[in-house]
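The values are calculated or read from the model by the stated rules, or taken from the named source; none is laboratory data. On a predicted model such as this, the values are computed, not experimentally measured, just so you know. All Cβ positions, glycine included, derive from the backbone under ideal geometry; neighbour counts span all protein chains shown.
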Amino acid sequence: MKIFTLCLLLLAATLAKAQDTAEYIEEHADYAQDLMRDHKIPASVILAVAIHESASGNSRIAQHLNNHFGVKGPNNNEEIRSAYRDYSNADESYSHFVEIMETRSPFNNLFEKYDQYDYQGWTRGIQRCGYAHSRSWASQVIALIKKYELYQYDERPEGYEEPVYTKPVYHKKSRSRTSKTYTVKTGDNLSIIAKKKGTTVKSLMQKNNLKKANLKIGQKLRF
């Protein structure tokens with residue numbers, strides 16, 4: 001019985017969170033569309049970035065500073081100490097986000113690359129231009145657009161076909177599996193070998209698990 005009650009509470013909390021986001025969208029969709037019509041940035045992108053950066057208006061900087069886009073700067077708020085700038089209302093924060101896109105390089109180059117219907121291109125472009133450090137930022141924003149069907153606010157023409165983008169793949173830098181080796185010759189010692197190969201005696205000993213500096217002719221050393 002307790003487990004069932006807990007499940008109901010978790011479900012209620014999830015639904016409440018989803019309803020909060022739905023209410024947020026309803027509250028700000030009209031203004032996002034006004035900005036889209038005037039500046040040609042998809043309303044879906046404006047809304048999704050705001051949802052992501054402000055936790056649907058629930059973040060501290062949204063509540064106290066009316067900052068819905070995580071923009072840093074000075075503020076005069078005495079309730080919280082923050083590195084984020086403040087706005088008189090949410091609309092001012094929305095307008096400033098669009099102003100950043102239009103006036104700051106390299107964001108202002110995105111207008112030539114993408115139209116007001118291409119939310120994926122815009123979102124990935126904003127990330128590439130340095131808006132967020134997280135590699136998953138664009139994917140998270142696009143997921144919000146799809147989850148809440150925010151593209152419905154983009155006023156796409158009938159028959160519009162979304163451009164197809166491949167998901168970026170990030171590769172971790174890895175060391176080459178091919179080990180470099182040196183064969184010990186007559187007259188060699190660790191100091192001589194280290195100088196030849198541009199390394200140190202300490203490094204040679206560590207890479208080869210050597211406890212003593214004694215070497216044998218024909219012995220192979222990794223470097």
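Name the residue that is nearest to Leu35 (Cα to Cα), counting only residues in region 93-135 that are in contact with a Phe, Trp or Tyr (Cβ under 8 Å, 6 or more places away or on another chain) and not in a helix (DSSP H, G or I). Spell out how you get there, then give the answer.
Just the residues of region 93-135 that are in contact with a Phe, Trp or Tyr (Cβ under 8 Å, 6 or more places away or on another chain), to begin with: 93-94, 96-97, 100-102, 107, 110, 114, 117, 119-122, 124-127, 129, 131, 135.
Next cut, not in a helix (DSSP H, G or I) only: 114, 117, 129, 131, 135.
Numbers: Tyr114: 16, Tyr117: 13, Cys129: 21, Tyr131: 19, Arg135: 27 Å.
Of everything passing the filter in region 93-135, Tyr117 is nearest to Leu35 (Cα to Cα).
With the requirement that a residue be farther than 23 Å from Ala55 by Cβ and exposed (fewer than 14 other Cβ atoms within 10 Å of the Cβ), what does region 138-164 give you?
Of everything in region 138-164, those that are farther than 23 Å from Ala55 by Cβ and exposed (fewer than 14 other Cβ atoms within 10 Å of the Cβ) turn out to be Pro157, Glu158, Gly159, Tyr160, Glu161, Glu162, Pro163, Val164.
How many of the residues making up region 178-219 are outside any loop (DSSP other than H, G, I, E, B) and touching a Phe, Trp or Tyr at 6+ places or on another chain (Cβ under 7 Å)?
5
Could you identify the single residue in Asp30, Asp38 that is in a helix (DSSP H, G or I), over 14 Å from Ala90 (Cα atoms) and of a type in the set (Asp, Glu)?
Selected residue: Asp38, the only one of Asp30, Asp38 that is in a helix (DSSP H, G or I), over 14 Å from Ala90 (Cα atoms) and of a type in the set (Asp, Glu).
Table: residues versus (1) over 24 Å from the mean Cα position of the chain (by Cα); (2) farther than 14 Å from Tyr148 by Cα; (3) not assigned by TED's automatic domain parsing to the domain that holds Ala132.
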site	(1), (2), (3)
Ala43	no, no, no
Ser59	no, yes, no
Gly73	no, yes, no
Asn89	yes, yes, no
